[in-house]
Amino acid sequence: MGDVLIVQNSKSGGPSRVGAWLEAAGLGLDVVLAHDGAPLPDRLEHEAMIMLGGGYLPGEDDRAPWLRDARRLMEQALEDGVPVFGICLGGQMLAEVAGGEVTGDVGAPENGSLPVTLRPEAADDPLFRGLPPVVPAIEHHKDAITRLPDGAVHLAETERCPYQAFRMGERAWGVQFHPEVLPERIRRWEVDGFDPDEVYARAVADEPVSTPVWHQVTTRFAAIVSERAGA
């Protein structure tokens, strides 16, 4: 069993470079292909959990029956103080499990590399402190968090989607964007109203700026996992 449970919720939505960065930091990965029928554990015995993205709302058990077990593990992680990083659907799931609200097909969709603005609250955050005030990040969503849970620390926002990053407690983070996605994956997205070549070119241009930042955030998360495991 690896140190980090990674729940994959779609065929193309693997951990990609975030997984490679975690391994480079000395962590082992246990990637569960939940979308393909692989069972999730009854209890979270890992040192951390990463919930990846997917084309579902966090409670769409009729379309994705494994989400019920994924939410259960998320709830356990929050109760036990296990480090959590939720991406897109995973971030929405963290918000919903903790008492916030997620709404389907709300506002204007975001796709491709967009400027994410850090809020003042990020200055004291273990993962987001000291980052540039605006960082490009790859987006791919039409559903969004519409109310953060009580007690959440709001860390980042975009013009179209205010809840881009937040923290619950000391060790659980949710993000709406995709720090794991490389520009090449954008070519496989089919989204009405967006020019795929233009979206891809923008992501390629932004990568030299965005990659070091999301690598640093991932490495900081890995350090929190390792520190808690050692303690």
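Suppose a student asked you for the relative contact order of the range 1-139, using Cα pairs under 8 Å spaced at least 6 residues apart; what percent would you report?
Values: 209 pairs, mean separation 27.7, N = 139.
Once normalised by length, the contact order is 20 percent.
Along Cα→Cβ, 7 Å out, is where each label goes; now give me the distance between the ones at Val106 and Glu23 in nm to one decimal.
Here the modelled spin labels are 3.7 nm apart.
Only one of the listed values, (1) 21.4, 82; (2) 18.7, 63; (3) 16.1, 50, was derived from the coordinates as Rg and Dmax of the Cα atoms in Å; which label is it?
(3)
Using a basic spin-label model with each label point 7 Å from the Cα along Cα→Cβ, how many nm lie between Asp195 and Val209?
1.9 nm
Once R0 is set to 22 Å, what does the formula 1/(1 + (r/R0)^6) return for the Cβ-Cβ distance between Asp124 and His154, expressed as a FRET efficiency to the nearest 0.05?
Details: r = 12 Å, r/R0 = 0.56.
That gives a FRET efficiency of 0.95.
Would you mind counting up the charge near Gly28? Only other residues with Cβ under 10 Å from its Cβ, with Lys and Arg at +1 and Asp and Glu at -1. Spell out each step's value before the answer.
Details: positive: none; negative: Asp3, Glu23, Asp30, Glu47.
Around Gly28, the surrounding residues sum to -4.
If you average over every viewing direction, what projected area does the convex hull of the Cα atoms of the range 1-136 give, in nm²?
Numbers: hull surface 36.7 nm².
That works out to 9.2 nm², a quarter of the Cα hull's surface.
Along the Cα→Cβ direction, 7 angstrom out, place labels at Lys11 and Arg63. What is the inter-label distance in nm?
1.6 nm
Where in the chain lies the longest segment free of GluC sites (Glu not before Pro) that are both loop residues by DSSP (not H, G, I, E, B) and have at most 15 other Cβ atoms within 10 Å? Numbers along the way, then the final one.
Working: sites that count: Glu45, Glu60, Glu159, Glu170, Glu190.
No qualifying site falls inside 61-158, the longest such stretch.
Counting Lys and Arg as +1 and Asp and Glu as -1, each charge on the Cβ, what is the dipole of the chain about the Cα centre in debye, to the nearest 20? Walk me through the numbers on the way to the answer.
Working: 20 positive and 37 negative charges, 55 e Å.
Dipole of the chain, to the nearest 20 debye: 260 debye.
Of the trypsin sites (Lys or Arg not before Pro) in the range 127-221, which ones lie in a loop per DSSP and count no more than 16 other C-beta atoms within 10 Å? Could the numbers behind the result be given before it?
Numbers: sites: Arg129, Lys142, Arg147, Arg160, Arg167, Arg171, Arg185, Arg187, Arg188, Arg202, Arg220; in loops: Arg129, Lys142, Arg160, Arg171, Arg187, Arg188.
Those that pass, being in a loop and sparsely packed, are Arg129, Lys142, Arg160, Arg187, Arg188.
Can you tally the net charge around Gln92? Count Lys and Arg as +1, Asp and Glu as -1, for every other residue whose Cβ sits under 14 Å from the Cβ of Gln92.
Details: positive: Arg71, Lys142, Arg147; negative: Glu60, Glu96, Glu101, Asp105, Glu110, Glu139, Asp143.
That sum, taken over residues with Cβ under 14 Å, equals -4.
Kindly report the accessible area of the chain per residue (heavy atoms of protein chains, probe 1.4 Å, no ligands, DNA or RNA), in Å². Can you show the working numbers first?
Working: 10250 Å² over 231 residues.
On a per-residue basis, the chain sits at 44 Å².
Over the range 116-231, what is the mean sequence separation of C-alpha contacts under 8 Å (at least six apart), divided by residue count, expressed as relative contact order in percent?
On the way: 129 pairs, mean separation 28.2, N = 116.
Averaging sequence separation for qualifying contacts and normalising by length gives 24 percent for the range 116-231.
Give the distance, in whole Å, between the Cα centre of the range 1-73 and the Cα centre of the range 170-231.
Spelled out, the Cα-based centre of one part sits 16 Å from the other.
Ignoring ligands, DNA and RNA, what percent of the 1.4 Å accessible area of the range 136-210 is carbon and sulfur?
Working: 1720 of 3700 Å².
Of all accessible area on the range 136-210, carbon and sulfur atoms account for 46 percent.
The values are calculated or read from the model by the stated rules, or taken from the named source; none is laboratory data. What you see is a predicted model, and the numbers here were worked out from it, not measured in a lab. All Cβ positions, even for glycine, are placed from backbone atoms using ideal geometry, and neighbour counts span all protein chains on display. Just so you know, the surface numbers come from the protein's heavy atoms only, side chains and all, with ligands and any DNA or RNA stripped out. Shrake-Rupley method; radii C 1.70, N 1.55, O 1.52, S 1.80 Å.
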